[in-house]
Amino acid sequence: MGYCSRSQAAPLIRAGRATLNGQIVRDPESSARLPQDRIEVDGSPPNKQPAIYLIMNKPRGVVTTASDEKGRETVYDLLEPGLPWVGPVGRLDKASEGLLLLTNDSEWAAKVTEPASHLDKKYHVQIDCVADDNLLARITRGCAAEGNLVEGSFLERDSSEHLRVKGARLLRHGDKNSWLEITLDEGKNRQIRHLLGAQDVRVLRLVRVSIGPVELGDLKKGSVRRLTVDEKKAIDRALRAP
């Protein structure tokens with residue numbers, strides 16, 4: 001409904017401030033059928049906000065959360081005051097930068113991020129070696145990444161998961177490093193970093209440059225603008241494509 005984020009909603013519901021058809025429900029996982037069911041917060045229905053779709057060029061070092069216990073700058077510090085609540089569509093970790101979508105249309109956001117959509121996301125990645133055809137083939141083919149292979153892995157210690165990319169090509173290189181363009185059609189936590197780490201390759205910079213048909217373009221670092229009507233329609237068409 002665009003009232004608040006999931007993380008903000010959970011304690012609100014557990015505190016008994018939300019009712020479903022007149023009954024207090026304290027389980028945030030309880031289902032509701034909209035628009036048939038009536039939801040109220042503190043005795044009043046939350047106002048349905050008009051849908052907002054934003055594109056941000058997230059700088060490195062900024063975290064993708066509403067608040068940070070360590071006091072670090074968040075993407076919300078970059079938004080103009082007075083905006084209705086919006087949430088990030090997927091995430092970029094603190095060290096990553098580039099294109100980030102934000103919206104209060106949570107149903108649309110779920111479609112963009114769900115694996116079944118296979119919406120291509122392109123990244124420009126600087127690595128600490130000169131890439132050759134063998135490396136590009138290995139990361140495209142993929143590998144099993146063990147949970148304890150890379151510090152901070154999203155996998156359990158005794159589990160493994162096959163990581164791969166949809167495509168990879170060399171953009172340019174110097175004497176000691178190179179830039180790759182990597183395309184994903186699925187998203188796992190720190191997927192590119194883990195996959196390259198499994199090849200003993202360190203990521204120096206990681207910039208997301210496009211999501212589906214929408215490109216970062218010349219949007220300045222730290223800047224935010226609304227998606228154009230044509231950009232929103234282009235993403236919707238890509239989501240409907242077989």
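Quick note: the coordinates plus some simple rules give every number you see, no bench work behind them. Values in this document were obtained by computation on a predicted structure and should not be read as measured data. Note that we place each Cβ from the backbone using ideal geometry, even for glycine, and neighbour counts take in every protein chain shown.
Could you give the nm distance between label points at LEU170 and SER7, where each point is 7 Å from its Cα heading toward the beta carbon?
Simple spin-label model gives 4.0 nm for this pair.
Once every Cα of the range 56-118 carries one equal point scatterer and solvent is ignored, give the base-10 log of I(q)/I(0) from the Debye formula at q = 0.13, 0.16, 0.25 Å⁻¹, two decimals.
-0.36, -0.54, -1.13
Let me know the Kirkwood hydrodynamic radius for the range 168-239, please, with Cα pairs as the basis and the value in Å to one decimal.
On the way: mean 1/r = 0.0681 Å⁻¹.
With all distinct Cα pairs of the range 168-239 included, I get 14.7 Å.
Longer than 23 Å from Cα to Cα, which of LYS122/LYS220; LYS122/LYS221; LYS70/LYS220; LYS121/LYS176; LYS58/LYS176 are they? Say none if no pair is. Please list the in-between numbers first.
On the way: LYS122/LYS220 18 Å; LYS122/LYS221 17 Å; LYS70/LYS220 26 Å; LYS121/LYS176 27 Å; LYS58/LYS176 27 Å.
Correct reply: LYS70/LYS220; LYS121/LYS176; LYS58/LYS176.
Quick one: which residues, 5+ away or cross-chain, put their amide H under 5 Å from the amide H of GLY167? H built at 1.01 Å from N.
Under 5 Å from the amide H of GLY167 lie the amide H atoms of THR183, each far enough along the sequence or on another chain.
Along its three principal axes, how long is the chain when you only count alpha carbons? Whole Å, largest extent first please.
65, 44, 42
Could you list VAL229, VAL209, VAL63 in order of exposure, starting from the residue whose Cβ has the fewest other Cβ atoms within 10 Å? Present the calculation step by step, with values, prior to reporting the outcome.
Details: VAL229 9, VAL209 15, VAL63 19.
Sorted ascending by nearby Cβ count, the order is VAL229, VAL209, VAL63.
Take ILE24, ILE52 and order them by how many other Cβ atoms sit within 10 Å, fewest up front.
Details: ILE24 11, ILE52 16.
Least crowded to most crowded, the residues run ILE24, ILE52.
Could you pull out every residue, at least 5 positions away or on a different chain, whose amide H is within less than 5 Å of the one on ARG202? Hs are placed 1.01 Å off N in the peptide plane, and Pro or chain starts have none.
ASP128
Amide H neighbours of GLY87 under 5 Å, at least 5 residues apart or on other chains, H built in the peptide plane: list them.
Here the answer is THR103, ASN104, since their amide H atoms fall under 5 Å of that of GLY87.
Show me the ranking of peptides 103-114, 212-223, 85-96 by mean Cβ neighbours inside 10 Å, starting with the highest.
Working: 103-114: 17.0, 212-223: 14.4, 85-96: 18.8.
By packing density, highest mean first, the sequence is 85-96, 103-114, 212-223.
Treat every Asp and Glu Cβ in the chain as -1 and every Lys and Arg Cβ as +1, leave all other atoms uncharged, and give the resulting dipole magnitude about the Cα centre to the nearest 20 debye.
Numbers: 38 positive and 34 negative charges, 72 e Å.
Result for the chain is approximately 340 debye, rounded to the nearest 20.
Among LEU102, LEU79, what is the fewest-to-most ranking by other Cβ atoms within 10 Å?
Working: LEU102 24, LEU79 14.
If I rank by nearby Cβ atoms, fewest first, I get LEU79, LEU102.
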